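Structure, as structure tokens:
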Amino acid sequence: MVKVYKNVCITGAGNGIGRAIAIAMSNEGYNVVCADIDLKQAKDTLDFILNKQGSGIAVETDVTKAFDIKNMINSTVDEFGSLDILVNNAGVTRTSNIMDLTEKDWYWINDVNAKGTFFSLQAAAKQMIKQNQGGRIINMASVGGKGFVDVSNAIYAASKGAVISLTKTAAQELAKYEITVNSICPGITHTNILSGIVKKRALEQNKSEEEIMRHYARDIPLKRPNDPEDIAEMVVFLSSKGARNISGQSYNIDGDFLSQTFSFLRSNDLIYGPAVKSYLMGKKPPPFDLLYWNSDCTNLPGKMALEYLEKFYKNNDFSKGKLEVLGEKVNLEQISQPIIAIGTFNDHIAPWKSSFNGLSKTSGEKVFILAGSGHIAGIINPEHSNKYGYWINNENYSTPEKWFNSSINKNGSWWNEWYEWKKQFLAEKIISTKMIGITEIEPAPGRYVKKKNK
Ligand SMILES: NC(=O)c1ccc[n+]([C@@H]2O[C@H](COP(=O)([O-])OP(=O)(O)OC[C@H]3O[C@@H](n4cnc5c(N)ncnc54)[C@H](O)[C@@H]3O)[C@@H](O)[C@H]2O)c1
């Protein structure tokens, strides 16, 4: 990911998510300040980083104390010359039911989670404004702040709600200084905090800790809690050049990530229009089943989703021969098998000329079909519908324009061409999973396609 800044300070870097963030940022080449109330743990994270040839310092910091916050910022600037990114990650909780919570809990949890976050943010913003080079502030909130059902306790949920709200307001006020402010809302994540919650719930419900974990996992689309590294990947992204125009957002880390990204690609149709018409003007949304197609909750791990967007969508690395897979550079020319590819005339996400250019670089036999209509309706066009039509041409693959000008326009759905094209291969040996040495998981179409989006 392209870096624009050099120096990052992370609170609560001694354990769990903070430690994973410190390591991930160091792997990306940042100078890392590991701040934690527990200096021994902060030093442990730092040692790990230094052993891997990274660079950083450890600073004892209690984020509830103004003096410590000031010292944390000053130490960063003294050591590395500037503070570019602050990750407000330190957080505490204890698992408790609403009736058992005390005033002491209120002050402790809010002091660290809400007050600590706010005053660290304020001190960092002052320093960033002085430096006049913008900056990034990333706050660790929680899905608990958005009403997650099995949060550790109500005070914790309120403290994280405060983080989400202050993120929004701070983003608005600090935008004029080119400082972005976002928060991340992890779901349950394998750390000490989670172990505490699981132990308590197991005791309360007279179940084993494994049973409690299984119960949690059942409700997660990806069927597993986060690893701290999943959260760290998001911090790397929000710190990168690619995130320069993202501010005031609170991102859940869960399986819905990619679907939201696709919605943003067509935000006028999928977000703002419906928000204005239905939410602000109270109009009943028109029946628009195609929206469901777009909200396919593709369950990709965060790292894979980000790499996909960065390398394929943004940098076009595969086409440029710059994509690296397991240390090998791969490019489109290496694809030599026959390909039939489809573009649609009004596609807003994959413009047909780009798809065409991609196909023309492959070295095998190729057929390009240009279907009428757009990204969704043009593709889902049943063969009996007799709608939209398509253009086809087996020659002139030098430019999209030459190909189009000598193409034939036919009526009906492109699907019929696909059926015909496939027939030539059916006579050949059909490759089974056994022949290529992989085991069949279950009969087609598999459970995944039947899974309902929540
Ligand atoms: N683990 C989860 O399931 C989960 C889910 C949602 C949000 N979060 C949030 O992620 C953040 C990190 O949590 P974690 O799970 O890694 O917890 P953790 O307990 O493993 O680590 C928290 C770190 O914060 C430090 N810390 C505590 N009080 C501090 C203070 N006053 N000043 C400075 N440092 C202090 C601790 O010493 C520790 O190193 C927290 O803000 C937490 O609320 C965690």
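Just a few scattered comments:
- Single residue of region 2-22 satisfying the filter (more than 13 Å from the ligand (Cβ to nearest atom) and not aromatic (Phe, Trp, Tyr)) that is surrounded by the fewest Cβ atoms within 10 Å (Cβ to Cβ): Val2
- Region 111-134, residues that are buried (at least 18 other Cβ atoms within 10 Å of the Cβ) and either within 21 Å of Ile197 (Cβ to Cβ) or away from the ligand (no atom under 14 Å from the Cβ) (or both): Val112, Asn113, Ala114, Gly116, Thr117, Ala124, Ala125, Gln127, Met128
- Sole residue being within 29 Å of Ala243 (Cα to Cα) and touching a residue at least 40 places away in the same chain (Cβ under 8 Å), chosen from Lys322, Lys361, Lys353: Lys353
- Residue check, Ser26 surrounded by fewer than 17 Cβ atoms within 10 Å (Cβ to Cβ), among the polar types (S, T, N, Q), touching a residue at least 12 places away in the same chain (Cβ under 8 Å) and away from the ligand (no atom under 15 Å from the Cβ): no
- Restricting region 183-226 to residues that are of a type in the set (A, V, I, L, M, F, W, C) and in contact (Cβ under 8 Å) with a residue 60 or more places away in the chain, the residue that is farthest from Ser96 (Cα to Cα): Leu222
- Of all the criteria given as (1) within 13 Å of the ligand (Cβ to nearest atom); (2) modelled with pLDDT of 95 or more; (3) not in a helix (DSSP H, G or I), the one not satisfied by Ile164 is (3).
- Meets criteria (of a type in the set (Val, Ile, Thr), within 11 Å of the ligand (Cβ to nearest atom), outside any strand (DSSP E or B) and in contact with a Gly (Cβ under 7 Å, 6 or more places away or on another chain)) for Val92: no
- Test: residue in region 53-68 that is modelled with pLDDT of 95 or more, of a type in the set (Val, Ile, Thr) and away from the ligand (no atom under 14 Å from the Cβ): yes
- Here Ser183 meets the list (1) outside any helix (DSSP H, G or I); (2) in contact with a helix residue (DSSP H, G or I) (Cβ under 9 Å, 6 or more places away or on another chain); (3) over 22 Å from Trp108 (Cβ atoms) almost entirely, failing just condition (3).
- Selection count where residues are outside any loop (DSSP other than H, G, I, E, B) and either within 13 Å of the ligand (Cβ to nearest atom) or more than 11 Å from the chain's Cα centre (by Cα) (or both), scope region 217-238: 10
The values are calculated or read from the model by the stated rules, or taken from the named source; none is laboratory data. Everything quoted here is computed from the prediction, not taken from an experiment. Every residue, glycine among them, receives a Cβ derived from its backbone with ideal geometry; neighbour counts consider all protein chains shown.
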